[in-house]
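Trainee: Before we start, here is the structure in question, set down as structure tokens.
We did not get these values from a lab; they are worked out from the coordinates using the rules stated. Computed from a predicted structure; not experimentally measured. All Cβ positions, even for glycine, are placed from backbone atoms using ideal geometry, and neighbour counts span all protein chains on display.
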Amino acid sequence: MTDRSDTPLVEMRDISISFGGIKAVDHVSVDLYPGEVVGLLGHNGAGKSTLIKCLSGAYRQDSGDILINGKKVEIANPRDARDHNIETIYQTLALADNLDAASNLFLGRELVTALGFVDDSAMEAETRRIMGRLNPNFRKFAAPVKALSGGQRQSVAIARAVYFQARILIMDEPTAALGPQETQMVAELIQELKKDGLGIFLIDHDVHQVKRLCDRAAVMKNGELVGLVKVDDVTTDDLLGMIIAGKKPQHLAA
Amino acid sequence: MTDANAAAAPSRSRNFIKTLEIDTRLLGMVGAFVVVCIVFNVMTDGRFLTPRNIFNLTIQTVSVAIMATGMVFVIVTRHIDLSVGSLLATCSAMMAMTQTSFLPAMGLDFGNPLIAPVAILVGLLTGAVIGGFQGWLVGYLSIPAFIVTLGGLLVWRNVAWYLTNGQTIGPLDETYQLFGGIGGTLGTTGSWILAVIGVVVTCIAVWSARRARIRHEFPVKPVWAEIALMAVGAVLILGFVAVLNAYEVPSRVLDRQFEAAGQSMPEGYSEGYGVPYSVLLLIAVAVVMTVVARKTRLGRYIFATGGNPDAAELSGINTRLLTVKVFAIMGVLCALAGLVASARLSFHSNDIGTLDELRVIAAAVIGGTALAGGVGTIYGAILGALIMQSLQSGMAMVGVDAPFQNIIVGGVLVLAVLVDIIYRRKTGAT
């Protein structure tokens, strides 16, 4: 289980970011421990995606610090995030539709031969190996990912994170485009990754899913943090109340 | 494996093509090209498919084809370059001025062996710098490529004019003129050697690709399919060279050559032209560009960016710098095309490369490059250029009125894209 005596894996302190005068994220602090799943809940536009994009390097916060293993780090772009073993699975999946699974898995980090050319067969072999573990039914290695189903595409995106040994995984509505069976697959995968000691930020709309998959939940509204609670301490109604009314439940507010 | 066999029954011919793993779109383009050739050959009573005309067709295609390979990268990354014709003119003007004015002023006389290489280097540099600059405007300042290169269309055309005062610059250096086509060929023996090298390389490439797949225990094509591929490649290469070799140097030209050497021509002596250096240059460009597209990170990033710019960016690809690189490559290829075009004319003229941007874009699009980005092949673009040039010169031979020629070419371009769209929709392929 989660070990809370350690320093947190990630600590986002007092993060603020605004776009054209609108505060998208307003002095928000969250933390994440190894082997823990923290859900980020809120309406569309509540600021959860924006907050997490500061961690993945897609945005730069206006103020506030990000600490990894207790050390302050600068994350200016997605490459910096990768260097800190932060991997992101985006809502839009961030796959290049016209390339095959292997090219997508290794995008930006291609395996090359001694002469500096991309080594397609080696990458395909590695992809077959990792997919054999994550999604044994996956067969379409030669086809562009456009031809894959939502679940298959999702498994390519997850494989990318797993292959490069992410320590911190950000999942932006990973099951939004998936059917029940594929959702179950992702849920099992999250449990497995937790056991390996990864810290996972899970952005989701669905309070039931958060209650089921997460250890703690951070609820945001209008760019502000409503509260960071243990999911076992609250009911789904409490969570909904936090999302909609922006109020912490009575028994925790005290 | 068993699935493939079970599905084999309904359509034998489709399965045959599948086993060979030949791109059906490529097959369609080759088919269209063959039809064009046969139709014109019939209409001209066999004058279209003579070695002489095929030779001419080849050297006429080179300049546009070289640029079309670069246009593939530009369009694949969801940009466009309308300035290639003008950029060609500026590069050509720089190369012409370097050899007739700048270098002689520095003390290098006409005929000095250094003149051609220095002039070409200056041209390539000009192309790279201007192309890179346009790429910077697009990538870093986020000005749409359409606008940047539309401006470039005017700017570089008139920079060329200013450089030369609008004069025709020539005659150009003799070594430089070797890249023009008929003025510089490998000769029959050299061409056969080249053909054999080509065949060997093709076979090795097919075989080593197979070995790589076997090494990783991936499914491979049956051996007969690989051998058939090699055979097709070999026949195409040898046939092409045989045709170019069959075009004989006119006897009066040979006469003059022997006279210049102070000898008299032996009775019945003949000599074939063989592969022109300009075609050799195109082949080299095609090979390099194909390797870049398929086997380098740069190429992978170009296609990834075209497929999904956000994904590329989030994967840590510097898409701005990538844009600069793509346009710089385009610029270098414009310079090479300018070299071939001006060497073929033996002088630089003020209107060189006019309307080439349209031919180049049309060649790339007919060759299957999707304007939506992410899809395109180098060989397709070259084939597209060849089809365009065949249409144009075929109609000229048949005697179609000039306005109708352009009307038909325009119509064919639109039709080709329509066919491509329908094909994509039907197959659901990329």
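Trainee: Would you mind calculating the relative contact order of chain B from Cα pairs under 8 angstrom and at least 6 residues apart, reporting the percent as a whole number?
Mentor: 32 percent
Trainee: For chain A, what relative contact order do you get, as a whole percent, if you take Cα pairs closer than 8 Å and at least 6 residues apart?
Mentor: 26 percent
Trainee: Reachable lysines from B:K426, Cα under 17 Å, same-chain residues fewer than 8 places away excluded?
Mentor: Result set, ordered by chain and number: A:K146, B:K18.
Trainee: To the nearest 10 degrees, how steeply does helix A:180-195 sit against the main Cα axis of chain A, on a 0 to 90 scale?
Mentor: 80 degrees
Trainee: While we're here: Taking the alpha-carbon centroid of each part, what is the distance from the stretch A:198-220 to the stretch B:114-161 in angstrom?
Mentor: 52 Å
Trainee: Quick one: of the DSSP bridges fully inside chain A, what percent are antiparallel, nearest 5?
Mentor: Of those bridges, close to 60 percent are antiparallel.
Trainee: Once you compute Rg and the Kirkwood Rh from C-alpha atoms, what is the Rg to Rh ratio for chain B?
Mentor: Result: Rg/Rh = 0.98.
Trainee: Ranked from highest to lowest mean number of other Cβ atoms within 10 Å per residue, what is the order of the peptides B:307-315, B:203-211?
Mentor: The packing order, highest mean first, is B:307-315, B:203-211.
Trainee: Averaged over its residues, how many other protein chain Cβ atoms are within 10 Å of peptide B:371-379's Cβ atoms?
Mentor: Average per residue, whole number: 1.
Trainee: Rg/Rh for the stretch B:185-275: what does it come to with C-alpha atoms and Rh from Kirkwood?
Mentor: 1.27
Trainee: Check every DSSP H run in chain B and write down those whose alpha carbon atoms cover 27 angstrom or more along the long axis and whose mean Kyte-Doolittle hydropathy is -1.0 or greater.
Mentor: Qualifying helices: B:24-43, B:51-76, B:115-139, B:145-164, B:187-215, B:223-246, B:319-345, B:378-398, B:402-427.
Trainee: Can you tell which of A:N137, A:G20, A:V231 lies farthest toward the positive end of the dipole of chain A, using +1 and -1 charges on the Cβ of basic and acidic side chains (Lys, Arg; Asp, Glu)?
Mentor: A:N137
Trainee: In chain B, if the dipole is taken from +1 on Lys/Arg beta carbons and -1 on Asp/Glu beta carbons about the Cα centre, which of B:G272, B:G132, B:G367 is farthest to the positive end?
Mentor: B:G367
Trainee: Quote the charge dipole size of the stretch B:206-328 about the Cα centre in Debye, to the nearest 20; the model charges only the Cβ of Lys and Arg (+1) and of Asp and Glu (-1).
Mentor: 880 debye
Trainee: Scaled to the compact-protein estimate 2.2 N^0.38 Å, what is the alpha-carbon radius of gyration of the stretch A:79-118, rounded to two decimal places?
Mentor: That ratio works out to 1.35.
Trainee: Next question, about the same structure. So which of A:K140/A:K194; A:K23/A:K247; A:K140/B:K221 end up more than 21 Å apart, counting from Cα to Cα?
Mentor: Too far apart for the 21 Å limit: A:K140/A:K194.
Trainee: Further question: Quick one: putting +1 on the C-beta of Lys and Arg, -1 on the C-beta of Asp and Glu, what dipole do you get for chain B around its Cα centre, in Debye to the nearest 20?
Mentor: Approximately 1520 debye in magnitude.
Trainee: If I histogram all Cα-Cα distances within the stretch A:93-164 using bins 10 Å wide from 0, what percent of pairs lands in each bin?
Mentor: Binned Cα distances yield the sequence 22, 58, 18, 2.
Trainee: What whole number of Å gives the distance from the Cα centroid of the stretch B:344-371 to the Cα centroid of the stretch B:29-92?
Mentor: 8 Å
Trainee: The stretch A:232-254 to the stretch A:89-148: how many Å between their Cα centroids?
Mentor: So the separation of the two Cα centres works out to 42 Å.
Trainee: Give, rounded to the nearest 20 debye, the magnitude of the charge dipole that the protein assembly as shown has about its Cα centre when Lys and Arg contribute +1 at Cβ and Asp and Glu contribute -1 at Cβ.
Mentor: Roughly 920 debye for the protein assembly as shown.
Trainee: Can I ask one more? For labels at B:I407 and B:E259 in the simple 7 Å Cα→Cβ model, what's the distance in nm?
Mentor: Computed distance between label sites B:I407 and B:E259 equals 4.7 nm.
Trainee: Once you put a point 7 Å from the Cα of A:D233 and another 7 Å from the Cα of A:K195, both along the Cβ direction, what distance in nm separates them?
Mentor: My value for the distance between the label points is 2.9 nm.
Trainee: If packing is taken as the average number of other Cβ atoms within 10 Å across a peptide's residues, how do B:253-262, B:151-160 rank, most packed first?
Mentor: Final packing ranking: B:151-160, B:253-262.
Trainee: Would you be so kind as to identify which of B:A225, B:A246, B:I169 lies farthest towards the positive end of the dipole of the stretch B:162-253, taking Lys and Arg as +1 and Asp and Glu as -1 on Cβ and the Cα centre as origin?
Mentor: The residue sitting most towards the positive pole is B:A225.
Trainee: Relative to the compact-globule scaling 2.2 N^0.38 Å, provide the ratio for the alpha-carbon radius of gyration of the protein assembly as shown.
Mentor: Compared with the compact-globule rule of thumb, the protein assembly as shown sits at 1.16.
Trainee: While we're looking at this one, here's another question. I'd like to compare B:293-306, B:364-377: which one has the highest average count of other Cβ atoms within 10 Å, and what's the full order after that?
Mentor: Packing proxy ranking, top to bottom: B:364-377, B:293-306.
Trainee: Still on this structure: Would you mind giving the mean number of other chain beta-carbons within 10 Å of the Cβ of each residue in B:206-215, as a whole number?
Mentor: Whole-number average of other-chain Cβ neighbours for B:206-215 is 2.
Trainee: Let me ask something else about it. Would you tell me the mean number of C-beta atoms belonging to other protein chains that fall within 10 Å of each C-beta in B:299-307, as a whole number?
Mentor: Rounded to a whole number, the mean comes out at 5.
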